[in-house]
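Below is one structure; the comments refer to it alone.
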């Protein structure tokens, strides 16, 4: 189990992470929050890139700062925009990462090939990374993160740049892995986590606002999501008045979907909330 | 470690700079060669003496010089070139003969001296000189001439130093900064080996790179001498004193010993530049900044040396403590030093090497401390 206890990070007077406390077990935990909410700070502390100002992270009851390389040995990290060496081939990078993660040479070769196959890059194993598309780089990023069979997998915007087919493939792969390991999945694309996340962590201004399963979060939104079918002038007026609103298509017409505690318009009808509505509701103006 | 080398050598910038450096060296060498290659190239009469051994050539050259006249004023313009070349050849032959003791009487005398020598150093020195004599018996004057050229290339300062530094800085500056520029640092720092492991790998890779480059740079000098002056490889075992530059050298060294020393010192200087680059990389994440900062810092000692080349007191301090001065080995090898270490008068040279190594170790330790400081999860 991974426990964050009163984790705080300050940069001068700015508090990037404010007494962040949460317990994570195996499964996929999605980190949702607007830019600057503290997600990256939390992940950077977890992977050891920066030190916390206060607080601790425990893994199975042991402070990870005392575990040092033993902790790094059980994590796999895929940063937001993995920038690899353009002159390396995919296989070179995998071998190099295997070396950096202390995997014996005799096992490394097999493992590298297996992982490249699982992310559909076998044919490109000897191609230079410089020639890879954004999606191929993301897949390679995932493969390198998995090379040490991590117990904690940290994914920062992993599906950015993937086409729908690759996205589904990626989701399935992460879902399969999550039975035994803890996956921390940071994304802005709500649909990526909607079907696979065990729980959602909503972070804002460095604080954990809520930690709950998706049905629970959606349930709380009942009676707060509305749809109106106004005329053209009415659309502009509603979008201005309610920042937590979006345009949707209904029966060849444009409707305004509004997230609000009270009925925003006499013609508004209550509708079934989605996870995206939760995001809009929680982060208000920042989300837009 | 092999991947660190791969990262460095796969950069296009390095190959461009290497190519330009080679071109610059060739141009500089061609310029120097035009003055040196005069010897024996224009006159068939003088060229013939190069095929003789120095002992055979010396009396012939002296007789020729007598015929031409004893001073420059006696020489008319048509003979001036021959006179100049003959003078050069005579000095070369004299130096070679005295350095390699190619006279049986001198050798006999040396054996006697060796048996009666009162210090270990003198005995070792004489024994070595006798060994050298046995090796160089059949050498020609042409061989001595080509070695002179080889030495000239090895001892080249100024531009050659700057070019050496340029390649070193181009090669080493991305060693650390490339991880930041590519964004790989996030992945690497969170791997099992972490920052400390990565630092060790990079330093080992960098050192290997430096040694390899120092070797290739020295070997390139040798190739140039062989290609243009037909240098006889066997001449590497002749006494260093065969060259006018090292006439007063007190050590029983061969040309090969000298070339190896130059290679070793270039590697020591390379290690210093590596340490400097590592430290600068802790504060500058951009490759260009690291290149400029480390390049300027390493070039400053050469500039100071150039600025104070006529001030003996400053030169003495620089010879003892200077970093880049280590590649001017003639500073150390041509004068006796009063400080004896294990029976050898090598105090000043060792002090310089020690200073550079200590400074390198200090820079590396500082770089290591800065590089790994964030992995320690400090708690306030």
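All of the numbers you see were taken from the coordinates with simple rules; none came from a lab. What you see is a predicted model; the values in this text were computed from it and never measured. Neighbour counts run over all protein chains shown; Cβ positions are idealised from the backbone, glycine included.
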Residue A:207 versus residue A:262: modelled label distance in nm, points set 7 Å from Cα along the beta carbon direction: 2.5
Cα convex hull of region A:144-261 - mean projected area over all directions, nm²: 10.2
On Cα atoms only, tilt of A:232-241 relative to the major axis of chain A in degrees: 60
Mean Cα-pair separation over length for region A:2-218, i.e. relative contact order, pairs under 8 Å, 6 or more apart, %: 31
Residue exposure sequence - A:270, B:145 - by fewest surrounding Cβ within 10 Å: A:270, B:145
Most mobile of A:79, A:104, A:264 in a GNM of chain A (Cα contacts under 10 Å): A:104
Full-stretch length increase - residue A:175, residue A:63 - with 0.36 nm per residue and alpha-carbon distance subtracted: 37.5 nm
Over chain A: helical MRE at 222 nm, DSSP H runs n ≥ 4 each giving -39500 (n - 2.57), nearest 500: -10000 deg cm²/dmol
Three-way shape call for region A:223-272 based on the alpha-carbon gyration tensor, with the a/c threshold at 1.5: oblate
Prolate/oblate/rounded label for region B:237-318 (Cα gyration tensor, a/c 1.5): oblate
Pairwise FRET efficiency - residue B:56 versus residue B:306, Cβ, R0 = 51 Å, nearest 0.05: 0.75
Relative exposure of A:179, A:149, judged by other C-beta atoms within 10 Å (fewest first): A:179, A:149
Calculated diffusion of chain A, Stokes-Einstein form, Kirkwood radius summed over Cα pairs, 37 °C and 0.692 mPa s, µm²/s: 158
Cα shape, region A:18-69, gyration tensor, a/c 1.5 rule: oblate
Residues B:16, A:184, A:74 arranged by fewest to most Cβ contacts within 10 Å: B:16, A:74, A:184
Within region B:170-188: backbone nitrogen closer than 16 Å to the residue B:299 label point (7 Å, Cα to C-beta): B:170-173
Label-point separation in nm, residue A:194 to residue A:131, each point 7 Å along Cα→Cβ: 3.8
Fluctuation leader among A:144, A:222, A:80 - chain A, Gaussian network, Cα springs under 10 angstrom: A:222
Descending semi-axes in Å of region A:77-206, equivalent ellipsoid built from Cα gyration tensor: 25, 17, 13
Average beta carbon contacts from partner chains per residue of B:54-61, 10 Å cutoff: 0
Calculated FRET efficiency for the pair residue A:149/residue B:370, C-beta based, R₀ 30 Å, to 0.05: 0.40
Pairwise centroid distance, computed over Cα atoms, of region B:174-228 with region A:87-128, Å: 22
Fraction of beta bridges assigned by DSSP in chain A that are antiparallel (%, nearest 5): 65
Distance between modelled label sites at residue B:23 and residue B:359, nm, 7 Å Cα→Cβ extension: 3.3
